[in-house]
Every structure is written in C-alpha cells, then in structure tokens.
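The numbers here are math on the coordinates, done by the rules we state, and not lab data. A quick note: this is a predicted structure, and the numbers were derived from the prediction, not measured. As a convention, Cβ positions derive from the backbone with ideal geometry for all residues, glycine included, and neighbour counts pool all protein chains shown.
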Amino acid sequence: MTIGYAAPQVARRPRSSSYLRRMDWVLVGAALALSVIGSLLVWSATQGKLVESGLDPQSFLKKNLINLVVGIAFAVLISRFDYRLLRAYTPILWGASILGLLFVLVHGARINGAKAWIALPAGLSLQPAEFAKIAIILGMAMILSEKRDAENEPRDIDVAFALGVAGIPIALILVQPDLGTVMVIATIVFGIIAVSGAKARWLIGILVGGVLVAFVAIQVGILKQYQLDRLTAFTDPTQNGRTTGYNTQQARIAIGSGGMFGTGLFHGPQTQGHFVPENQTDFVYSVAGEELGFVGAALIILLLGVILWRAIRIALRASDLFGRLVATGVATWIAFQAFENIGMNLGIMPVTGVPLPWVSYGGTSMFASWLAIGLLVNVHLRAQE
Amino acid sequence: MSERSSLRLAVLGVLIVSLLVTMVGRLFFLQVVSADVYTQKASANQYRYVVTPATRGLILDQLGRPLVANRTSLVVSVDRTALAKQKDKGVAVLTRLAKALGTTYTAISYRLEICGLGSHEKPPICWNGSQYQPIPVAKDIPQDLALTIMEKRSDYPGVSAGLEAVRVFPGIDGVNAAHLLGYLGPVSDSELAAQKAAQQSGQLTAQDELLQRTDLIGRSGLEAEYDTQLRGTPGVKQLTVNQAAAVVGTVGETQATPGDYLVTNIDAKLQAVVEKQLYAGILRARSQTDKHTGQHYKGDSGAAVVLDVTNGHVLAMASWPSYDPSVWVGGISKKEYTALTAPASNYPLISRAMQGEFVPASTFKIVSASAALQNGYTANQTYQCPAFVQVGNRKFSNFEGEAPGPVDLAKGLAVSCDTMWYKIAFDYWLRDGGNNPVAKPLDPIEKMARSYGYGARTGIDLPSESRGRVGGRAFKTALNAQLHDAWCRRAKTGYPEVATTDPRRANLLKAYAVEACVSGGLYKGGDEVNLAIGQGDTVVTPLQVATAFAALANGGTLWQPQVAKGLVASDGKVVSIFKPKKNGTLPVSKANMAFLRSAFSQVTSQPYGTGYNPFKGFPLAQIPVAAKTGTGQAAKSGDQSTSWFATFAPANKPKYAVVMMVSQGGTGAGTSAPSVRKIYEALFGVTGSTVDPTKSVLAGGTPATKLPTVLADGTPVYPGMPKSVAAAKPVTAPAATAGANDAASPNPGPSSSSSGVLVALPVLLGAGLVGRRARRDRRSRAPDVRLWSR
C-alpha cells in the first residue's frame, strides 16, 4: 500500500457519531486517568505550601485542571485535523517551533538554570521545546515517508534531510540548555529512523555519532559542571548532599517510605514537609510513591504501559508510513520521557528536568502530552477509514 | 510498509516493555523490599524531639526533712530558631543581652553552638541538647533582669527568662551526708551509645524510660542507686519539621512526670551528730601520742554507722574526710575535681563506712566467741590469759603484754584477752588436721565469720560497696592458686632489684618466697590464730561490723542495711515502702546470744572492761551498752593502729547498733568510744546521768515508723518546717506577702502586668519544689517562644 502525496482521496470529515464510535477509548481513558491522578498529586504536593504562603490552596489544582481542559481541546482539534492537511502544514509547524526556540533564547525566562520558558501574560509560560518534539516527529515522518522507490527504504538523502530537520531544533535546545529534552528528542529521532526502514548503517552511525558528540562535549567543556553533576549524581546519591544528590535522595526516601499502600493522599510527611523539591513537576512521582504506595505508583506505570501499547498498536495498524512514523515518534517520546522521569525519581536515571507526561504540573507539558494523544487518535482514525 | 519497518517496530515494543518492567522492578525494590530502611530514614528526616526535663525528686530524711532539694534558679534561655528568623540573625538581641548580663556577645554565641556541629569547645561551653529547645545561657541571674526580659519582649525577641530547678543541699543542722546522697553528672556519650545499641538489639523498647541528651544522672550514692525513680519521666514533644527544619506541627506531646521523692531512714539531726562526733574522734586521735612511733596519731580517716538493729535501717552513716556535695551542682570545675581526687586530699569521694576495708582487730571476737560457744567451749569454764603464747615458731602476745590471769569467757572478752583465743584457735586448727588438713575441715571461726556477713557485701542500697575479706583457709587457697608460680619463680631468682638498695629485705623476701613456694597454700596454725583475733589477712568495712553487731543484738537476724525507706510521688501518694530484707540468720543458740549480749555489756559496765572509762557516768543501769573495742595492728608496716568501737544498746533490749572506726587513730577506747558515747547520749536523750527520751535527737525518741507526709503540691511536711522550708528555697521571695494568696491556688495562671509578674514569681519559687506547676506556668508565660506556645 503506497499512498501518494498528491493522491486525490475523498477527504470526508468523519461525522461526530462515528468519530466517537471509532475513538480509541482505551488510549484516551488511560491518558485521562493519568491526568486525574496527576491533578490529585499536584494538589497534594502544593496545597501545604500554598496555605503557608497564605494563598489559595487549590490554585495549582485549578490551573492544572485548566491546562488539562485546554490540552484535551488541543487533542480533539488535532485528532480531527485533516490528515493530508497535517502533512501540508508540517513545514509551517516546524518553522514556527524553530522561531519559538529562537525567541526563547533571546527573550526567555531563566528557570532552574535553563532559558527554556517564554513568559506569557497572566503568569503563564510556554516551553517551546515541548512543541518542538511534535514538530520534529511530524517533520521527520513527512520527509521519511515521501514517495520513494519500490524498495521501500528511505534514501540516504531523505535520512540526512530528516536528521537536519531534527538537528536544528536540537542544537537550539542544547543552547538553552535543556539536556533532558535533547535526550528525549534524540531517542525519538532514533526510533523514527529505525522504523522508517533506513539502512542499519544509519542507526549504527547515529549511535556512534551520539557517543562521540557526548565525549567531545564533556572534553571541550560545552557541558557545564552542574550538568555533569546532575548526570552522575544518581550513581552516588550521597554526594552533593544539599544540591543535586539531595533531590534524588529525598525523592527516594519519600518513595521508599510509602510502602505497599502509601500514607494516603495529603498525608505523606516527606511530601507535606516539602522535603522533595519540585515535587509538583519533575518529582511528582515521589508524591505518588509516598502517598499512594507501590499500588498507586505501579498503577501509573501500568497506565503509561497501556498508552504505549496502544501507540505501538496504532503504529502497526497505520494506513501509511507517515502515520506509522508519527505513532512511533509519539511512542518513543512517551516511553523514554516517562522512563527518564520515573527513573530519576527511583534513582536509576540522571536528574534531567523532564516532566512526567500527563502527570507533572505544567501547561506546556500537559498540552504537548495531549497533542500526542491527538496525533495517535488521528492516525488511528485514518487507519480505519 | 516494509517488513524491516514492522520488525523494528516490534523490537521497539520489546524495548519499551523492558523499560516498564525495569521501573516496576525498581519500584518494588524500593517500596516493598527496602520499605523499612526508608521509613526509618524518613522519620529521622521529619521528626524532631523537644525534651522538657522532669523535676528530680527530693531526698528526704525519715521525718521528711529535705536532705537534697531543688533550688529554683532564674535562667535566661535563647531560642535559636527565633533568632534565625531575625534579619541580623539575632546579633543585635544577643549583644543587648550580653551587655545586660555583663558578658560578651562571643561568650553567649559560643553557648548557642550545638556540640559537634560548630568548631568550638566541648561541653559545657557548647549546647549538648536539641537545637529546637531554648538554650540556657545564664543561670542565677538577678530578678530585675529577669523581669526586664519578661516584660520587654520587643527588646529581647527569642530570649526568655524562667525558673529552672537545680540541686541544693539544705544542710539541716549542718548535716553533710555527701557519701550517702551522691551527686549528679551529665549523661555520657558512651551511655547514649550503649542505650542506642540496646534499642537496636531489641533489649530496650520505646516504652522504656530512655536517657535524653540533656539528662543529668546520679553518679554516686543514693542519686545513683535510685536514679530512675528520682529522675522521673521527661516530657517529650514530637514535632514535625519541613525540609528547611522549620517546625510544621506537633505530632504528640507527653507531659513530664516529676521524679518520686526518696524517703530515707537517715535522721538528719542524728546524721549531723554522728558527723560531728566522727570528726571529734579524728581530732581526739590526733591529740594523742602513739607509744610505738612517738608521734601523734594521724587520724587520716574514719567512719561511723548507726543502724536500727530491729530492721537494718541505716539511721546515720558518716565518713571522713568528706566534701561539699554542692561542688557538683551545675558542673564541677576541673580544679575542684582535681582537688577531690588528689592523693593529698586523701580521697574524700570514698565512703570509708562501706568502701573502706580495715583490719577488724578485737571487734572480730564477736565471731570467735560465737564460734567457740557453738563448738565445744562454754561461758563459765576457765581460760588462761597469759602475756604471750608460742604457736609453732611464732610468739603471740596480748595487747600491750598484759596478763590478767585466769578468766571466764565474759571477762576474757571484757578485758580483750588475746592469748586465750590463740589456744582455742590452735585447737580448732589441730582438730582440722593441722599441717595435714582433713578433707573437710570444720573451720568453725571462718564459717561463723561468713554467717556474720564478713567477706560478702551487705547489699546496702548504695553503689560500689566493698566486700571485705575473711582471712581463713579459703582465702589462703585462693591466694596460693594465684601466686604460687610467682613465689616459686622468686624462690629461684630472688629479688635482685630490691637487693641493690636493701639486701637484708631482699633476703627476707626470698626466704618468704622459698617457704611460700613449698607451703604457700598451707593454712597454718598462726593463720587461724590471727583470724581468731581479727588480725592478719581479714579486713572488714565499718558497715559490716555494724550489721554483725546488730545481728547479735536482735537475736540472730542479719539484716541487709537499708538507707532508703520508701518512695512518695511528688503529689504525696505513697509509691512504695521498702521492706527489710534478711541476709541470713546467725547459727548461734538463743542462750549463747543472750550470754554474749550480757558479756559485751561488761565491757562498759565492769571496771576491768576496756570500755569502762569512756562510759563512766553514763546511765548504764537504764541503758546498758554492749560494746567491743578494737585496736587493729595496721596491715601496712609503718601505719598506726586502727581504732574501733563497736556497740549496741540497750544491751538487754537492743535498739541501735553504733560503730565507729578511726584509721591510724590509736585505741578503740581512747579515740572512738567517747564519740560513740556522745552518739548514744543524743539517741536516748541523756544529759549527764539522766535519761529523757523527749530530749532524744530522734523526734519522739525512736525512728519514725511511717513515711512522712508530702502535700499534693509536693511540699514535704516535717517538724520545725516553716524555718526549714525557707532553707530549702534559698532564692529569697521578693514579695512574700503578695504571694501568700496566690500560693494557695493551684494554678495562678498567666499574668501580664509587671505587678502580676512580681506576684507570680514567689508562687513559682514556692512551686520550685514541684516541677509541674512551675513548668506549666513558665510555658503560659512565654507566648513568643514558639516551641512552647504551639
């Protein structure tokens, strides 16, 4: 099955009833469940601090719920977007994300050492790097699924082009610097190129190249000392008692002390005593570990597993390579980002500030996570047509 | 889409599954396998404990007079957490406070260092308690300064003034009793470490009363023996803190329970008399000349014990030299400690009464006489008492070479004939096989000595009692087992190191070693002879002598001496009454004991008695005094003789046993007996030759049978109280009249006005004896100390 770029297909927009009927409810249900759990965790993590500061204890919860609603709206919008129009708009989307990344470097607000946020009115902020992930997925999928020869293998020129499409935003994000997002994007790039059917030498080349770049970056001193510390802290949690190691240590204590069933929401001493910094965003999983116990924390992994299962399933059943690569990109994105986030909470991955999709507090992350669902649903609906 | 693409997608799926499995596995390890480890870490993180020390219980005499009380001291404390919140971290406040206290900012800030955290010196300069409790920086501050700090909160944020209890020794009638009472010292790191180890091994649980960092614990005497009862239970407030170590809330709080009051059998007034008379005996010894050395007796130390013979109660027990127990209060200085432990001070910390071991001399004849009467000898037969007796190749002579001629047993005891015992002892020794001892020797004297409690601890309720030693066959065997090899080595090598300076002595030592190598374990006739008259290897404590004489006096019961009588809670409820404990029964017939009691009374009543002169004019008809003098040949050559006077009275119906010993003090009759007489005069109310029980130093003429009353507010009630109560609270109340009404109300409540504070102070001072009330009040008075107010 080869679908040409310009093939005149009847582009009927599915009617609402069939849209809902053919929806992948398992996928959406899992994402929704994660979002609800995330909202509760964010609420528990923040209400104490807010009360102490004399603020509305529900303000983070409310903002998170607004983010969720907006995110779902984005998802609905993108899932109903015309498939080919999506392909057509991809270059524009990609260009916009590059502009966003450039803007953030010039006018961005520096938070936790990285210039990654664009401050918006009303206290909102945007992280262009999150949207860049989607732009990269769509851009690479578009290039690698271009009509090509019968061998069904991307030409080297396509692969190189796709790497260029990913490379520019990666470079811009590295300058911020946001190492975590770069790692996530690198995984996405690798996943998409692999599934596109590119020659094995490309995969080996990317791996070797990545190692070389990392080596040079450390040797030349492009990576700052704190970045190196963060990356190595997880191997020795006792080092840097008050700084990087402290976060992971406290997070691990919180999770470990949760036991099988946890202390109950709002009752975790580690959480309520603010022992774990950033526990509504990067370390939200520690709240789950302490207050919901193994049962709750494992449920989050299970729900992520369900989403990934559906994503791979959608990729396998996609009607064309573009759809497959989009779903693959989303799957590698979610899988690696979740592993990186939960792994750093559990002390088996370095601390890089990546949020846990759907669960962590943060507007951009929530929008991007739900846009990912929207993309998966779009590919899913297209396959059934 | 290519096969390759689908295959690679499948591989991707497998990789994703492996990531998920990794996460769940790690999660399981953290939360289920190692949950305990992290729960412990979490609680170490999140909880802090603030300890309110319990007020230590008082130590009372038998009538309720305080021997050890608590004095309230005005203390300035600084709350570190409150200072930390100030803009300049409290520099201005501390500078102001330093000026008011007449010290420097640096001095105060050193006191606020947490021991081990800062770089400063060890306790008591740094604070070894919790950093979450207000840290005392100055004690015994003037009242006007305390009032200023209480009132001008804005000038002294984070600083509070309050009352704290410290030990005080009211010293009724000049009583010292330092060896009985003991002292307090801070908990040591090793004790805390041992406690932690015991907790971890499960020997101690959280329910046990645990030592806190800030605790003072008894280090000797009653303070040590009854430490747990006196200490009470500290109040513990469990606080949750957040990551910034700021207090978030209170999890739980237990109120401090004041320690129980320890009621002793000691009578403060009697103790004062005994201490005075002991010192008089020492001075008497020093005024006499030793015929052998031509010098004054040194009278280097002494002890006196008064027991109630009917139950073993210790009514008084004194040791000289003594020391002022208040040197320990608030921490002893290095200089003071050196003074107490230096050889020149002759070790005043040691209680000669129960830790000193001395040759018993003729007081030991209570044992020999009992043994003789129970083993073939009678009271009325005639004993020869020549000036000396040859035993083997050794010549034993009477004291000062006297020869009273033939005597009966009673007179033999009264004149303290030694030579009659040599024959008896030698007989016993021969009966047991002499130099070829039978398999099961009877050893009647050694066995009797053990029945009287010699060679074993009496079990008095004071720590570190000495055992003494019976120099009989068992000791000889044990000594030989220990030293035989050394003796035989020395028999060969001699003493070359001694020979260089004193060849004569080296020869003597070698000769002894040669003999000892062959027959060191042999119990010789001379050993038995020495045993019979309390010389040689036998050593005893004055307390053992007193319990032995008390046993004969009461008809054969060897009581365990008891200093403590019972425990009363700080609210007046009786906690426990200690029953007398029997250590054993004398294997002596009633008739023989009756005979011995009357025989020993001849010591004071008959002109030939060794104690006759000192008791001339004493109303012996009403109060016959049974006694035995002792003049111990010193164990060390060059030392002077030990003076003993061991007694009980009235001999026909014994109530008290009184024993006095003066080391290097001369004769028993010349040095100790006059002091013992004075003690009896005080006990029975003797003036001249008239007896008036109402004049007895003991109220009512006898020891109290009941525990004294302690009021619900913790004030002990005792005769002559008002004056003494004031003595127990030496902090002068500034407005006693204003406090009178408030003192009646159990909880005066917080006052804010300056007059209110003035009124409240005496109330607090009045409650100083009771921890609870003072604390409750202090808490309500310090609303800005946040640890207290939440």
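Remark: B:Lys365, B:Lys706 ranked as B:Lys706, B:Lys365, counting other beta-carbon atoms within 10 Å and listing the fewest first. Within a straight-line Cα-Cα reach of under 23 Å, A:Lys63 can be paired with the following lysines, leaving aside sequence neighbours fewer than 8 residues apart in one chain: A:Lys49, A:Lys115. For the peptides A:83-93, A:275-285, A:172-182, the ranking by packing is A:275-285, A:172-182, A:83-93, with the highest mean count of neighbouring Cβ atoms within 10 Å listed first.
Take each residue in B:32-40, count the other chain C-beta atoms within 10 Å of its C-beta, and the mean is 5. Kirkwood's formula applied to the C-alpha pairs of region A:42-87 gives a hydrodynamic radius of 12.5 angstrom.
Of the listed pairs B:Lys447/B:Lys590; B:Lys582/B:Lys616; B:Lys440/B:Lys582; B:Lys423/B:Lys653; B:Lys269/B:Lys565, which have alpha-carbon separations greater than 24 Å here?
The answer is B:Lys582/B:Lys616; B:Lys440/B:Lys582; B:Lys423/B:Lys653.
Neighbour counts of other Cβ atoms within 10 Å put B:Tyr279, B:Tyr608 in the fewest-to-most order B:Tyr608, B:Tyr279. Peptide A:248-258 has a mean shielding of 6, counted as Cβ atoms of other protein chains within 10 Å of each residue's Cβ.
Averaged over the residues of A:272-283, the number of partner chain Cβ atoms lying within 10 Å of the residue Cβ comes to 3. To one decimal place, what orientation-averaged projected area in nm² is obtained for the convex hull of the Cα set of region A:36-384? Over all viewing directions, region A:36-384 projects a mean Cα-hull area of 17.5 nm².
The ranking of A:Ile168, B:Ile282 from fewest to most other beta carbons within 10 Å of each one's beta carbon is A:Ile168, B:Ile282.
Of the peptides B:475-484, B:680-689, the ranking by mean beta-carbon count within 10 Å, highest at the top, reads B:680-689, B:475-484.
The residue among A:Leu50, A:Thr364, A:Pro277 whose Cα reaches farthest toward the positive pole of the charge dipole of region A:36-384, with charges on the beta-carbon of Lys, Arg, Asp and Glu, is A:Thr364.
Most tightly packed first, judged by the mean number of other beta-carbon atoms within 10 Å of their residues, the peptides B:15-23, B:154-162, B:415-423 read B:415-423, B:154-162, B:15-23.
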